[in-house]
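The values are calculated or read from the model by the stated rules, or taken from the named source; none is laboratory data. From a predicted model like this one, the values you see are computed outputs, not experimental measurements. Backbone-built Cβ (ideal geometry, glycine too); neighbour counts: all protein chains shown. Only protein heavy atoms, including side chains, enter the accessible area calculation; ligands, DNA and RNA are left aside. Shrake-Rupley method; radii C 1.70, N 1.55, O 1.52, S 1.80 Å.
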Amino acid sequence: MGFPLKSIPLASLFESLFHIHKTSGNAFYFKDVVKVLSHQFVRPLFYIDDIDYASKIIETIDSNNLVYLTLNRLKEIDKHSNKILDLLFSNWNTSIDLALKNCGIIISKIKIYLDQNKDANLLSLEYLYRFNELFNALSLLNSKYKHIKDISTLFGVYKELLSSETLDFQGEPLQGLQIMGMLESRVLDFETVIISSVNEGILPSGKSNNSFIPFDVKIENKLPTYKEKDAVYTYHFYRLLQRAKNVYILYNTEADVLTGGEKSRFITQLELENIHNIHHEIIAPHVPVITPELKVVQKTEDSQTRLKEIASKGFSPSSLTNYVRNPIDFYYQKILKIKEHDEVEETVAANTLGTVVHNTLEDFYKPLENSFLSVDIVKKLKTQINEKVTFHFKNEFKEGDITKGKNLIIYEIAKRYVSNFLDLEIENLKAGNEIKIIKIESNNNVLIEIPELDFPVKLTGKVDRVDEYNGVTRIVDYKTGRVDANKVEIVSWEDITTDYTKYSKSFQVLTYAYMMLLSNEITLPVEAGIISFKNLKAGFLKFSKKDKAGNGAKKDALITQETLDDFYVELKTLILEICNPNIPFTEKEV
């Protein structure tokens, strides 16, 4: 009987603390630190003048990619909570007495907070009292026997004591529900009795008696066996029923790990005696079948107002393709402004790698705008790869470690991507091709005409590179992932705003071309496409319109006014759908 102490929330706090000091040494893994700082009993200790300093520490860990932290680094982040940080993270391995003392002080600090907080749960104070008793017992054991030499041994003894301790159920003896074990019910009479778990093997417990003495030896030496124990429980069972007016006997019919779902022999005996008025019922919860439904969000006045704000600032190609992929994601990110939480990147994420490569190439090519490339210029850029990539990694990956493991491999991949791209440029120049850089990271924000809407709509986006290749203007989008030629080809214009997987890349490059035309930065015809760093051998992957005849049919790679007019029809249809108050945001099946 009683609630196991190991199931109390406070047990998870001390388990986390012991785990940290048992495994970490001087540097703590960020997930362990966050787990301790986020604990319901620790978090309030970091409230100083209504400021939550625990949240500030966690935010700093996330934003700076701190994978391993020392106590000094934690103190640098939060200079207001040095005492509590010392209690939690100072090296417990130096002294077992210090570890036990710290546990006691942590309990007393939590108690002070609970005493000051009027809304505190009285049960929490009971938890603290029982854990205080537990650590006092550990301190007495250690001071008497001096057997505990390290934190692992202390943790083992703590777990052993914890597993056998319970928080006793207490109630007012003269009113309400009384919860008690079978042996506590001696010489007490109740009008209504509820007996639970009346299954064979639990009541009576039968041969499940743990003993090293064999049954025959017990019989020979007249020692009590399981039969005597069963007889005691049988007496108490019938004694409980003697003066009760209503008796509810509960047993589990489902076979589980403890029992076979068999009702107790006591129930069978009551049925056979046939002297009681017995009602037998099988009670099972109704489990409703929940059919998964796609989310549908109706547009309201507020969402329409928000859409007008987005339209006036500008729809980006990525936000439009995000709508094509799944309208509900567009709703969360753009209408509700729900952003993904910036978590610590233990391993460099794909988007971080992409940002590093993009920024490095921007640094290289930005000074070369409106000038022709030469082999010597590109070779000179190659000598700066190491410096620039390292700088941008530190800028994006913050204090994350790129000196070993997967991160070192990704760091080398970033350098290889840039180096291979510059080699491709050199190869093109040596082959006699002329390349003139026109614009790098060109920002566009243009107004587009949609007469059906009574508010202005803009397109906005940043084009990675615009150049002239043998006199033909190219709009280039860099992708660090793999892109194949078929991802920038279309057959039917209607598909470009319906199939995200196949046509999102085509949609993006055409949007860039359309924006640059409206801003008078290019003159038609032009080429637009992608350079994929994982598929560099394919070179510049041009957008092309294929005839409906299918494979092997004629491809048209030049983007003309006619191409952009056809694209405008689909673009306008998509924006009208997004802004239409009668068309809800409907989730797509993934």
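Things to note:
- Note on the stretch 442-535: with charges restricted to the Cβ of Lys and Arg (+1) and Asp and Glu (-1), its dipole about the Cα centre is near 500 debye.
- For Glu387, neighbours were defined as the other residues whose beta-carbon sits under 13 Å from its Cβ, and their charges (Lys and Arg +1, Asp and Glu -1) total +4.
- Net charge, Leu87 excluded, C-beta distance under 15 Å - Lys, Arg +1, Asp, Glu -1: +3
- Centroid-to-centroid separation of the stretch 17-67 and the stretch 382-451 [C-alpha atoms, Å]: 36 Å
- Residue-normalised accessible area of the chain, given per residue in Å² at a 1.4 Å probe: 57 Å²
- Between the stretch 304-345 and the stretch 122-179, the alpha-carbon center distance in angstrom: 52 Å
- Asp484 paired with Asn136, simple spin-label distance in nm, labels 7 Å along Cα-to-beta-carbon: 7.2 nm
- Residue-wise HN-Hα couplings along the stretch 143-148, as the Karplus relation 6.51 cos²θ - 1.76 cosθ + 1.60 with θ = phi - 60° gives them from phi, are 5, 7, 9, 6, 8, 7 Hz; Gly and Pro carry x.
- Local electrostatic count at Asp302 - Lys and Arg +1, Asp and Glu -1, tallied over other residues with Cβ under 15 Å: +3
- Unit charges on C-beta of K, R, D, E only; dipole of the chain, Debye: 1540 debye
- At R0 = 60 Å, FRET efficiency that the Cβ-Cβ distance of Lys534 and Ala284 yields, to 0.05: 0.60
- The stretch 62-152 shape via C-alpha gyration tensor axes, a/c threshold 1.5: oblate
- For the stretch 389-460, with +1 on Lys and Arg beta carbons and -1 on Asp and Glu, the positive-most of Ile410, Val457, Ile426 along the dipole: Ile410
- For the stretch 559-576, Karplus couplings with θ = phi - 60° (6.51, -1.76, 1.60), whole Hz, Gly/Pro x: 9, 10, 4, 4, 4, 5, 5, 5, 5, 4, 4, 6, 4, 4, 4, 5, 5, 4
- For the stretch 16-87: lysine pairs under 16 Å (alpha-carbon distance), excluding those fewer than 8 apart on one chain: 7
- Computed per residue of the chain from DSSP H runs no shorter than four, each worth -39500 (n - 2.57), the mean residue ellipticity at 222 nm is -14500 deg cm²/dmol.
- Enclosing the Cα atoms of the stretch 415-523 in their convex hull gives a volume equal to 140 cubic angstrom per residue.
- For Thr70, distant residues with modelled amide H under 5 Å away: Phe28
- Hits among lysines - C-alpha to C-alpha of Lys308 under 28 Å, sequence gap 8 or more where chains match: Lys295, Lys299, Lys334, Lys337, Lys339, Lys458, Lys462, Lys505, Lys572, Lys588
- Inter-probe distance in nm under a simple model that places probes 7 Å from Cα toward Cβ, at Leu177 and Asp423: 7.4 nm
- Charge dipole (Cα centre; +1 on Lys/Arg Cβ, -1 on Asp/Glu Cβ; no other charges) of the stretch 491-590 amounts to roughly 540 debye.
- Interchain or long-range residues, amide H under 5 Å from Ile438's placed H: Asn370, Val466, Asp467, Glu468
- Fraction of accessible area attributable to carbon and sulfur, the chain (%, probe 1.4 Å): 51 percent
- Å³ per residue enclosed by the Cα convex hull of the chain: 295 Å³
- Cleavage-rule hits, trypsin sites (Lys or Arg not before Pro), the stretch 485-572, DSSP coil, Cβ neighbours within 10 Å at most 16: Lys548, Lys554
- Anisotropy class of the stretch 314-390 from Cα gyration tensor, a/c 1.5 cut: oblate
- Between the listed residues Ile310, Pro327, Ala244, the Cα displaced farthest toward the positive end of the dipole of the stretch 244-364, a dipole computed from Cβ unit charges relative to the Cα centre, is found at Ile310.
- Listed by chain and number, the lysines whose alpha-carbon sits under 20 Å from that of Lys227, ignoring those within fewer than 8 places in the same chain, are Lys207, Lys218, Lys263.
- With R₀ set to 30 Å, the beta-carbon distance separating Asp547 from Lys295 gives a calculated FRET efficiency near 0.15.
- Under-5 Å amide H pairs with Phe315, H placed in peptide plane, nonlocal only: Lys458, Leu459, Thr460
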